[in-house]
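Heads up, the thing below is written out as structure tokens.
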Amino acid sequence: MKRFLLAGILGLTVLIAQKQPQPKSQKEVEAINAMFTAQDPDARIKAADFLMTQFADTEFKTLAMFLTAESYERKGDFEKMTVWCEKTMEADPKNYSCMLMLAGGIAKRRPRERSRSE
């Protein structure tokens, strides 16, 4: 029990010690908020693209790429989801959320591909 508690405290300490992304201007904050408050996948993709193009040096770029991948997953567009997950993982090789998203997408596609070939 003490080991688990100690491991939890150490893990939390590492998370707290990691530098959190910071916006550089109020306009960047507004672009980030627009990305998070988008009502549908298309609006989120558009807002994420705006953030990445207008604020090329944003510390939220990896997050914007991930949210773009997630939006394409919601739309059922496996190919574009895959492209954006790969871009996200190039920027952040430890982005386990994208790894899981890809695994889920592959698992969902396989049954359909098998039934087409039969």
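Quick notes on this structure:
- Accessible surface of the stretch 22-82, 1.4 Å probe, proportion on carbon and sulfur as whole %: 52 percent
- Ranked by the mean number of other Cβ atoms within 10 Å of their residues, highest first, the peptides 76-85, 23-32, 60-69 come out as 60-69, 76-85, 23-32.
- Residue-by-residue Karplus 3J(HN,Hα) for the stretch 59-71, coefficients 6.51, -1.76, 1.60, Hz, glycine and proline x: 7, 9, 4, 4, 5, 4, 5, 4, 5, 5, 4, 5, 5
- Solvent-accessible ranking of 97, 71, largest area first, probe 1.4 Å: 97, 71
- By the rule of a C-alpha distance below 25 Å, with chain neighbours fewer than 8 residues away ignored, the lysines paired with residue 61 are 19, 24, 27, 46, 75, 80, 87, 94.
The values are calculated or read from the model by the stated rules, or taken from the named source; none is laboratory data. Keep in mind that this is a model prediction, so the values were computed, not measured. All Cβ positions, even for glycine, are placed from backbone atoms using ideal geometry, and neighbour counts span all protein chains on display. Only protein heavy atoms, including side chains, enter the accessible area calculation; ligands, DNA and RNA are left aside. Shrake-Rupley method; radii C 1.70, N 1.55, O 1.52, S 1.80 Å.
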